[in-house]
Amino acid sequence: MKRETDYGHPIKEVYGPEDVAGLSYERDLGDPGKYPYTRGYYPEGYRGRLWTQRMTAGLISSAETNKVLKKYREMGERGGMCVICDRTFAMPIDADHPIGRKEVGVLGWPGGSLLEFETLMDGIPMTGQSVTLLSTCASGPLQLAYIVVYCQKNGINLSEIHGAATSYPFANCFGQCDCQPLDLDLKLFLDAAEYTIRNGIKMRTCLLSQHAQESGLNNAQALGVEMAMLNELCGLLVNERGLDFDDVALLSFELVSIGMRFFEEIAKMRALRRMWAKVAKEKFKAKKERSLQLLMAVHTSGRTMTYQQPLNNIVRATIETLAGVIGGCTAMDNACMDNPQAEPSELAARMSLNTQHIISDETGVADVVDPLAGSYFVEYLTNKVEEEAYKVWNDIEAQGGMVAAVKKGYIQNMVEKAMRERQREVETGERVIIGVNKLVIPPEDDFEIPIKEVKIEDSEKEARRIEEWKKTRNMALIEKSLSQLYKDAQKGDRFNLMPSIIEAVRVYATAGEIMGVIRKARGLSYDPFNMIECPFNFE
Amino acid sequence: MNEKRKIRVIVSMIGLDEHTVGGVVVSSFLRDAGMEVIYLGTYKTPEMIVQAAIQEDVDVIGISSHASNYSQIEEVIDLLRKKNMNDVLVIVGGTIPKKQIQRLKERGVAEVFPPQSSSKSIVDYIVSHVRQRERELKKAHKVQS
């Protein structure tokens, strides 16, 4: 077993004052609530506001997901809800698409139209909690449109809604893909972001270094990539869309992946707060204090959960949840013990939510802000991960920034190299995983946990329902709105498509139709998989 | 069939599955073990995978799956049967619960490798089963002639 950090830096047996010799409390840490916010944004910490304790929901259908969301509230979810999209809506294509119909409702919520959002939210409040809809970049503008139209139709004040509905445009490098080209994703991201900011909407956009880390990057790489993404996207919104940085700064929230390297995970969160505060102040010249405070949610790592001996995963999730709490998060959804097998069973979801409650209510950990500050080891690790992350970030800038690095395949190569290295470490035993390369038991001796099953019949049933429903819509209204969208989408990248997407969503055009029309207007095929023809004629 | 011919393997994701980590890592160590890997990547339908298997004359189809229904893997098996390609070994890797593993094997998948399977277990399985099939084919050929 190697004694080094996740990113390969040797760890000594003991740390002392000499390891943090240059550390200045005022300059590098500051009291909680003070620049550079290494110790957090709030002097009172969790006493003022506990982190949002939530579980990610989404499976089979909108009606099923709605039931699960209600169940999670009974199980102690508090502060907010979180939904993840299914395979079809991720692309997005419709449920009745020839490929789509085999995978509707797989791994998430099939949110293919406003109808689905209305079903999802039936009996669930839009206000008084955060509404977080995780998806891909391409489906983000649709989700934002659902929120806007839903609020208008139901007389809800849009400015009272908070949460997140859109996603960053680089997830295709990290296995959380839509099937759209980068330039289209980037345009859709910027359109949605600009619309959100110019209309004073408080919905945020997800910037997920979680994906980067779950694909195999180490802690320092994930942090470096995160900063490169933030830097690039904020720069584009300020320079290309002419927005004020102090508005742009409030747009993103960061979902941090917390793995098993307990102290290093905490150090990573502390370093991220400091790195963002510095870049916001020094590079982007933020004028408002809030612009220096990057909102951080935590997802405990699904990758660290093992297929073998799944009960061990409860222990892993506990350690990771604890790290996320000590690190100072705004919201948490923790992975479940059945993560490497299936979607969360009721038992597994309950265990994960209970873990959060045990930590918040029984341990006293949430009583004190940033309790590990001043630890020689943790301060050393915070400095070190920051230093290593700056190297990764500088290398990306040397490629021309995040967009250029993705176009060159630089980021993809980094991920591939990292995943191979991780496999090698596990196979050689350099990285110990209990139940995998140590204390292994025969599969037949393993404890059987309940498994949530999804069958092909479930997907087919959904596909048929959507197919039938589509025929009942007012096609004249849909064609009119899509015709406008088609015209607008030919007006160049700077012409914001959100208003025409919103109008199409309002009359129940589907995600596949809306994205297909945008694609067609840009000279792409209506169907990304070239299996269906465009049913509309706008010429 | 020539004994010294490199073992040819397709590695592919299926349907809309975009989780590539497993597929990429497995491709890399199969190549290290001296096999010819045809990596198809994401968004491949059962038809596309079987078509590639015909074109590339492969011994093995390896499907990486992170999903919650496995119907498209079963479609691959059905298509191979239809085309009399029963000698192609189909193996699957990914986050697949035990009960589903059993079902896939009953449907004709040769082996399923769950997460954290060692590279050795996968390489050894492929080598021994492909060589065995080659020997069987040779024998059958001799009997015929």
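The values are calculated or read from the model by the stated rules, or taken from the named source; none is laboratory data. Just so we're clear, the structure is a prediction, and the values are computed from it rather than from any experiment. Using ideal geometry, Cβ is built from the backbone for each residue, glycine included, and neighbour counts are taken over all protein chains shown. What goes into the accessible areas is simple: the full protein's heavy atoms, side chains included, and nothing from ligands, DNA or RNA. Shrake-Rupley method; radii C 1.70, N 1.55, O 1.52, S 1.80 Å.
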Surrounding net charge for residue B:18, when Lys and Arg each add one and Asp and Glu each subtract one, Cβ distance under 10 Å: -1
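Could you sort the peptides A:219-225, A:377-383, B:39-45 by per-residue average Cβ neighbour count (10 Å cutoff), highest mean leading?
On the way: A:219-225: 27.6, A:377-383: 22.3, B:39-45: 18.6.
The packing order, highest mean first, is A:219-225, A:377-383, B:39-45.
Peptides A:302-311, A:3-12: what's the order by average Cβ count within 10 Å, highest mean first? If you can, show how the numbers build up before the last one.
On the way: A:302-311: 19.7, A:3-12: 14.3.
Answer by packing, highest mean first, reads A:302-311, A:3-12.
Could you rank the peptides A:469-480, A:90-101 by their average count of other C-beta atoms within 10 Å per residue, with the highest value first? Please list the in-between numbers first.
Numbers: A:469-480: 14.0, A:90-101: 25.7.
Per-residue mean Cβ counts within 10 Å order the peptides as A:90-101, A:469-480.
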Long-range amide H partners of residue A:204 with built H, under 5 Å: A:163, A:164, A:165
Inter-part distance where region A:311-349 and region A:122-180 are each reduced to a Cα centre, Å: 24 Å
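Tally Lys and Arg at +1 and Asp and Glu at -1 over the other residues with C-beta under 14 Å from the C-beta of residue B:85: what net charge comes out? Walk me through the numbers on the way to the answer.
Details: positive: B:8, B:81, B:82, B:83, B:133; negative: B:47, B:56, B:57, B:59, B:75, B:78, B:87.
Overall, the nearby charge balance is -2.
Per residue, how large is the accessible surface of region A:1-50? Use a 1.4 angstrom probe and give square angstrom. It would help to have the intermediate numbers written out before the result.
On the way: 3140 Å² over 50 residues.
Result: 63 Å² per residue.
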Chain A - share of DSSP beta bridges that are antiparallel (%, nearest 5): 10 percent
Kirkwood-based shape ratio for region A:91-224, expressed as Rg/Rh from alpha carbons: 0.98
Region A:4-19 - phi-based ³J(HN,Hα) in whole Hz, Karplus 6.51/-1.76/1.60, Gly and Pro as x: 8, 6, 3, 9, x, 9, x, 10, 7, 6, 8, 10, x, x, 5, 7
Of A:15, A:371, A:349, farthest towards positive along the dipole that unit charges on Lys, Arg, Asp, Glu beta carbons give the protein assembly as shown: A:349
Accessible area (Å², per residue) of region A:135-213, counting only protein heavy atoms and a probe of 1.4 Å: 25 Å²
Crossing angle, helix B:21-32 versus chain B [Cα axis fit, 0-90 degrees, rounded to tens]: 30 degrees
Protein-protein interface of region A:69-103, residues with accessible area decrease of at least 40 Å², isolated chain reference, 1.4 Å probe: A:87, A:99, A:102, A:103
Rule-of-thumb Rg ratio for region B:9-145 [Cα; 2.2 N^0.38 Å; N residues]: 1.01
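Kindly compute the accessible surface that chains A and B hide from a 1.4 Å probe when together, both sides summed, and give it to the nearest 100 Å². Don't jump to the answer; show the numbers that get you there.
Details: alone 21920 and 8430 Å², together 27330 Å².
Counting both chains, the buried surface is close to 3000 Å².
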Ranked order, A:384, B:139 - accessible area, probe 1.4 Å, largest first: B:139, A:384
Cα pair count fraction exceeding 12 Å, expressed as % - region B:1-59: 65 percent
Percent RCO, i.e. relative contact order, over chain A, from Cα pairs under 8 Å lying at least 6 residues apart: 19 percent
Over the protein assembly as shown: Kirkwood hydrodynamic radius from C-alpha pairwise inverse distances, Å: 26.1 Å
Dimensionless Rg ratio for region A:43-167, taking C-alpha atoms and the 2.2 N^0.38 Å reference: 1.07
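Keeping all protein chains in place, calculate the accessible area per residue for chain B (probe 1.4 angstrom), answer in Å². Before the final figure, lay out the partial values.
On the way: 6850 Å² over 145 residues.
Counting only protein heavy atoms, the per-residue value for chain B is 47 Å².
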For chain A, with +1 on Lys and Arg beta carbons and -1 on Asp and Glu, the positive-most of A:472, A:442, A:271 along the dipole: A:472
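Of the heavy-atom accessible surface of region B:8-144 (probe 1.4 angstrom), what whole percent is carbon and sulfur? Walk me through the intermediate numbers first.
Details: 3110 of 6080 Å².
It is 51 percent, rounded to a whole number.
First compute the accessible area of chain A with a 1.4 Å probe, then give the percent of it belonging to carbon and sulfur atoms. Present the calculation step by step, with values, prior to reporting the outcome.
Values: 10690 of 20470 Å².
Exposed carbon and sulfur together represent 52 percent of the surface.
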Label point 7 Å beyond Cα of residue B:48 along Cβ direction - residues of region A:503-539 with amide nitrogen under 18 Å: A:516, A:524-533
Efficiency of FRET between residue A:78 and residue B:86 - r from beta-carbon atoms, R0 45 angstrom, step 0.05: 0.20
